[in-house]
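The values are calculated or read from the model by the stated rules, or taken from the named source; none is laboratory data. All figures in this text were calculated on a predicted structure; none of them were measured in a lab. Reconstructed Cβ throughout: ideal geometry from the backbone, glycine too, with neighbour counts over all protein chains shown. Note: areas computed on protein heavy atoms with side chains; ligands, DNA, RNA excluded. Shrake-Rupley method; radii C 1.70, N 1.55, O 1.52, S 1.80 Å.
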Amino acid sequence: MSQSVSVPAPVLSAATPVKHPKAAVGPTPVFADKVDYGAGDVPWSVAVADVNADGRADLVTANGVSDDVSLLLNQGNGRFAAATHFKVGNGPRSIASVDVNADGRADLVTANVYSDDVSLLLNQGNGRFAAATHFAVGDEPESIAIADVNGDGKADVVVGNLVSDSVSVLINRTNYTPNQPPQASTLPTQTAAESKNFSYVIPASTFTDANGDTLSYSAQLAGGGNLPA
């Protein structure tokens, strides 16, 4: 015996429109007229770095025919000093800036297409670089990149080689400890008696830093107040 089942008719509520805001549109970009600065012969690529640690972005170029790097120091207000030049390998095609030896200075590396190597210029401070050292890579390295590829905290170098269809990876084996946070030892508790002089010397071994950085610290009373003068 069959039975009929009544199904209530569907009831639809009124549709609520969804408002999709338009993407924000910024102002139309405007640039000043160009200003040209001389570099070496056939500058293939350029990088930006604060070479002399004055807080300004300096310019460095890899010059493919003069086989050197040009440095243009930022003079402020968008102006640059005349270029100084530093020799590298044969046919530098690309350039990057990185602190290779953790001395806080921006060093330079170039990929040299005709000498099949990478040149490293260590920053000596005040806009000067040591003579280049060279590291062999593949056949005609065209591009260069910097990354910590093995997670040891050091900047490694990677280049793309046009003719050998390969990538060369130079693992940074510089003998230094990557930056690590300072370590603090627990200080012993001491109690000061009322109306009596109290002095406490914090041992130098209380704070240590694996990189040998200069450390400074301050002290407060347990309640947060300043120590008496």
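Note on the stretch 137-158: among residues that are in contact with a Leu (Cβ under 8 Å, 6 or more places away or on another chain) and in a strand (DSSP E or B), the one that is nearest to T174 (Cα to Cα) is D156.
Taken together, the criteria exclude V11 from residues that are modelled with pLDDT of 95 or more, among the β-branched types (V, I, T) and open to solvent by 20 Å² or more (accessible area, probe 1.4 Å). Sub-6 Å Cβ pairs linking a first residue in the stretch 123-143 that is free of Cβ contacts under 8 Å to residues at least 24 places away in the same chain to a second residue that is outside any strand (DSSP E or B) and surrounded by 12 or more Cβ atoms within 10 Å (Cβ to Cβ), at least 6 apart or interchain, are Q124/A130; A130/L122, ordered by first then second residue.
When residues in the stretch 92-120 are screened for being assigned to a strand (DSSP E or B) and either among the hydroxyl-bearing types (S, T, Y) or over 18 Å from Y176 (Cβ atoms) (or both), 13 of them pass. If you check T174, T206 for being farther than 16 Å from G89 by Cα, at pLDDT below 70 and of a type in the set (V, I, T), only one passes: T206. Taking the condition modelled with pLDDT of 95 or more, open to solvent by 60 Å² or more (accessible area, probe 1.4 Å), more than 24 Å from D103 (Cα to Cα) and not in a loop (DSSP other than H, G, I, E, B), does V163 pass? No.
Only a single criterion out of (1) at pLDDT 95 or above; (2) over 22 Å from the mean Cα position of the chain (by Cα); (3) not hydroxyl-bearing (S, T, Y) is not satisfied by N77, namely (1). Of the residues making up the stretch 114-133, those that are within 22 Å of the chain's Cα centre (by Cα) and open to solvent by 60 Å² or more (accessible area, probe 1.4 Å) are Q124, N126, R128, T133. For the structure I just gave you, tell me whether A53 is in contact (Cβ under 8 Å) with a residue 24 or more places away in the chain and buried (at least 19 other Cβ atoms within 10 Å of the Cβ). Answer is no for this residue.
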